[in-house]
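**Student:** First the structure, then my questions, so here it is.
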Amino acid sequence: MTPSDCSPLPPPGAEPSAERLRGGLAFIQRAERLKDTLRSAHTSGGRRESTAEHTWRLCLMAMVFEREFGAVDVARLLKLCVVHDLGEAIGGDIPAVAQTPAHDKSARERADLETLLAPLDAGLRAEFLALWDDYEHARTPEARLVKGLDKLETLIQHNQGRNPPDFDYAFNLGYGRKYMAAHPLFEALRALVDRDTQRRADGGPAAGASA
């Protein structure tokens, strides 16, 4: 991470300004909406998952497989995981099957993120936006890893969920495949995940369920 990517640290012992504290709290309160932002995936219990839940398990995946990634900035990896879907707190999630070229999801989500970040100080806003831009354009090794993990987590949830009868598992066999080239680990994981996907497409039980 370059110095321009983050807010300057206050001098040792300096008290944060009241304005900075109020802005931070206001942002945290706004971001709470992500807990109620629903995705197309269902949990193993049958309810729709939230974007916040997806983000939590994405972070967990990054921690679980951290040793496989070699020399990467793990702090940056986790920050990218946390920030990547923050804009959905305002505009909601658009499932991949519903996205069209005419709908500029990226531009809308970035604009929503800017709105969400408004209470923060300028330096912190710039840091969050730089992280989101990195993820969106997959510029760094860490961003490319998070892209792959994000697709894998989505597929794992689809295979694990108690989904509606018309759920399109066949779509998932091709979903996000271009991001698997980011690391050899992803190809190995994808082979296991695709096996679960095909089983579900064939009418088999959810991943992890008793046959």
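The values are calculated or read from the model by the stated rules, or taken from the named source; none is laboratory data. Everything quoted here is computed from the prediction, not taken from an experiment. In this analysis, Cβ positions are derived from the backbone assuming ideal geometry, glycine residues included, and neighbour counts consider all displayed protein chains. Ligands, DNA and RNA are excluded from the accessible area calculation, which covers all protein heavy atoms including side chains. Shrake-Rupley method; radii C 1.70, N 1.55, O 1.52, S 1.80 Å.
**Student:** Calculate what fraction, in whole %, of the accessible area of segment 80-211 sits on carbon and sulfur atoms when a 1.4 Å probe is rolled over the protein chains.
**Tutor:** C and S fraction of accessible area: 56 percent.
**Student:** Helix-only mean residue ellipticity at 222 nm, the chain, DSSP H runs n ≥ 4 weighted -39,500 (n - 2.57), per residue, nearest 500. What is it?
**Tutor:** Per the formula, -17000 deg cm²/dmol.
**Student:** Taking only protein heavy atoms into account and a 1.4 Å probe, give the accessible area per residue of the chain in Å².
**Tutor:** Dividing the accessible area of the chain by its residue count gives 53 Å².
**Student:** Moving on. Compute the convex hull volume of the Cα atoms of the chain, divide it by the residue count, and report the result per residue in Å³ as a whole number.
**Tutor:** 141
**Student:** Cross-chain or 8 or more residues apart, Cα under 19 Å: how many lysine pairs in the chain fit that? Count them up, please.
**Tutor:** Total qualifying Lys-Lys pairs in the chain comes to 8.
**Student:** How much net charge surrounds R33 when only the other residues with a Cβ under 13 Å from the Cβ of R33 are counted, with Lys and Arg +1 and Asp and Glu -1?
**Tutor:** Charge balance in the 13 Å sphere: -4.
**Student:** Residues in segment 128-142 near a label at V74, defined as backbone nitrogen under 17 Å from the 7 Å Cα→Cβ point?
**Tutor:** 142
**Student:** Can you pull the Kirkwood radius for segment 139-211, inverse mean 1/r over Cα pairs, to one decimal in Å? Before the final figure, lay out the partial values.
**Tutor:** On the way: mean 1/r = 0.0790 Å⁻¹.
Value: 12.7 Å, from the Cα pair sum.
**Student:** I would also like to ask the following. Using every alpha carbon pair in segment 69-140, what percent of pairs falls into each 5 Å bin from 0 up to the bin containing the largest distance?
**Tutor:** Per 5 Å bin, starting at zero, the Cα-Cα P(r) for segment 69-140 comes out as 3, 15, 25, 24, 17, 9, 6, 1 percent.
**Student:** Hey, got the dipole for the chain? About the Cα centre, +1 on K and R Cβ, -1 on D and E Cβ, debye to the nearest 20?
**Tutor:** For the chain, the charge dipole is close to 420 debye.
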